[in-house]
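Colleague: Quick one: the structure is below, and I'll ask about it shortly.
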Amino acid sequence: AMLDPDRGLSLTIARVVQRLQGSSLHSQLERQARVSLHKPEIKLESLKEDIKDFLKTSGWEKKLQNAVYSELNVFPSPCHPAAPPEHIKEPLAYMRKAQGSWEKRILKSLNSMCTELNIPLAQKRPVNEQKELLNKWNEMGTDEPDLSLFRPVYAPKDFLEVLMNLRNPNYENGEQPSFRNHLGLIQVPLKVKDIPELKEDFSELGLNIGQLGIDDSAQVPPEFFENEHVRVGQKVLAEQDSAAAQQYVRQGCPTALRADLWALILNISNQPEDILYYEQLKSNVIEHDLLVDSLIYKDVKLTASNDDYYFVFEDYLYQVLLCFSRDTSVLEHFTYSSATPPKSYIRGKLGMEEYAVFYPPNVNYNSFILSVAPLCFLYHEPSKLYQIFREMYVRFFFRLHSISSHPSGIVSLCLLFETLLQTHLPQLFYHLREIGAQPLRISFKWMVRAFSGYLATDQLLLLWDRILGYNSLEILAVLAAAVFAFRAVNLMEVTSLAAAEAVLADLSTLKVMPLLQIFLFATVT
């Protein structure tokens, strides 16, 4: 049910106020207001206005604005007050059901691994093990435990199979008139954007607008644009305004400013209490041994040590992911995610809530690793790196691992990718389909990992600038289609899935921005 705008606004305000009320920002603002009472410029007769002015000039008003902006970015617009909570998670019943059975399947796989290997999901570490782990916290990569018995809980292609089998039960086989001609693997009728709508959404990527990541723009000499863009970027940072930063990064981030701009957009300031929180998570890792620790370990070994870019960050990856697996604050995002966190109990404590361990809902750590690794180039302080990753996860990446109808969810991205190809490169699309090389079978892993591990790092960061700038993952589907368009001539000649995969095996030389620009703004629609 749709809300009238005023009602929607008042609900949104009420929710933001409620969420900020218990926050550390709230207590800091109160403390500042009390401190200000002793200042000579605060007069009793104009107390309220004077305190407001003081909070404005001392920078606290900006902090409050950024916190509100951050809330509005993360949480969905309010449903009708009468809507049941599961509608906030996911409005379509068949999507909720599919996500539920996918979670059961993952949990079953975890549980059967426990039974097979005779190890619990969670147990307390003996004291000597705790000491040992604490001593080697910064060099966990040097360990070589035997993990041959642990197997990944699932691979991207298993997840793709699940998405291919999704159907809307209200339609009997292919009854939807507008959808009948969709010949891709995704067979659910979700509304996705066409190129004119995407052009409008991504207007700052237009051909006549300066961009970082475009070397030879006819309109603006790149070095002139870059110098000016850096100057504006410094100003945006000085202003400390999240909304301005988000608008700014749509044209790309100068390398030297990226870490600070992303932190500003995500509203991460690494306060003492954040550092303390990270230390608490760390001590939880040291005290308790979870089954997922071994899975994380195995995945980091497989992923990072085989990657020329990422292997240097191996120790950081363990720290961030082990802490992430203990972080219950991540559970908050399940109120607006179609996922529900699986729960297990420390051995012998079944049903006792204080011994409950929530399993991160997506145990495909391989994708997690690839979403942490690029951040290691920007942040070298573990608690800050951790907070940035956690915020990126609850804003964006969780959508790539759960089944939902959200425009940035993986189902919509797959459908958007297939629709763009079928509409704008029909010959290529039909050719690949005929030879049994459905394009989505190749591009799915790129999108599910937000292209991490496929693009060169500088290009990946330029792409992620735009994810943050537009607060949307749709650009992943556009880029995937643009890659096919770019390699179309070679793809038209292949005669098998293996040959098509070979043409697209190496994306490390691709330049992201020109590909996106040409596909969006130079494709004849």
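The values are calculated or read from the model by the stated rules, or taken from the named source; none is laboratory data. Note that the structure is a prediction, hence the values are computed from the model and not measured. Backbone-built Cβ (ideal geometry, glycine too); neighbour counts: all protein chains shown. For accessibility, only protein heavy atoms count, side chains too; no ligands or nucleic acids. Shrake-Rupley method; radii C 1.70, N 1.55, O 1.52, S 1.80 Å.
Colleague: Does V232 meet the test of being among the β-branched types (V, I, T) and not in a loop (DSSP other than H, G, I, E, B)?
Modeller: It is true that V232 is among the β-branched types (V, I, T) and not in a loop (DSSP other than H, G, I, E, B).
Colleague: With (1) surrounded by 15 or more Cβ atoms within 10 Å (Cβ to Cβ); (2) at pLDDT below 90; (3) not in a loop (DSSP other than H, G, I, E, B) as the list, and F159 as the residue in question, which single condition is left unmet?
Modeller: Condition (2) is where F159 drops out.
Colleague: Take L468 and tell me if it is outside the structural domain of Y310 (by the TED database), farther than 26 Å from V494 by Cα and at pLDDT 95 or above.
Modeller: yes
Colleague: Do any helices (runs of 4 or more DSSP H) entirely within the stretch 443-525 hold 3 or more residues that are in contact (Cβ under 8 Å) with a residue 24 or more places away in the chain, and if so, which?
Modeller: Where helices (runs of 4 or more DSSP H) fall fully within the stretch 443-525 and carry at least 3 residues being in contact (Cβ under 8 Å) with a residue 24 or more places away in the chain, they are 457-470, 474-486, 497-503, 512-521.
Colleague: Mind listing just one residue for me: the one in the stretch 35-67 that is part of a loop (DSSP other than H, G, I, E, B) and without any contact (Cβ under 8 Å) to a residue 24 or more places away in the chain and, of those, surrounded by the fewest Cβ atoms within 10 Å (Cβ to Cβ)?
Modeller: Filtering first and then ranking leaves P40.
Colleague: Next up: List pairs: first in the stretch 261-276 and touching a residue at least 40 places away in the same chain (Cβ under 8 Å), second open to solvent by 20 Å² or more (accessible area, probe 1.4 Å) and among the small types (G, A, S), Cβ under 9 Å, 6+ apart or cross-chain?
Modeller: Close Cβ pairs satisfying both conditions: A263/S269; L264/A244; I265/A243; Q271/S24; E273/S24; D274/S24.
Colleague: Same structure again: Return the residue satisfying two criteria in turn: it lies in the stretch 9-40 and is farther than 27 Å from Y277 by Cα and of a type in the set (S, T, Y), and of such residues it is nearest to the chain's Cα centre (by Cα).
Modeller: Once the filter is applied, the top-ranked residue is T12.
Colleague: Another question about this same structure. If we keep just the residues of the stretch 89-139 that are surrounded by fewer than 16 Cβ atoms within 10 Å (Cβ to Cβ) and among the β-branched types (V, I, T), which is modelled with the lowest pLDDT?
Modeller: Per the criteria, the residue is T115.
Colleague: Give the residues of the stretch 429-449 that are at pLDDT 95 or above and open to solvent by less than 10 Å² (accessible area, probe 1.4 Å), sorted by residue number.
Modeller: If the condition is that a residue be at pLDDT 95 or above and open to solvent by less than 10 Å² (accessible area, probe 1.4 Å), then F429, L432, A437, P439, L440, I442, S443, F444, W446, M447 are the ones that fit.
Colleague: Then there is this: Output the residue which, of all residues in the stretch 278-304 that are among the hydroxyl-bearing types (S, T, Y) and in contact (Cβ under 8 Å) with a residue 12 or more places away in the chain, is surrounded by the fewest Cβ atoms within 10 Å (Cβ to Cβ).
Modeller: The qualifying residue surrounded by the fewest Cβ atoms within 10 Å (Cβ to Cβ) is S294.
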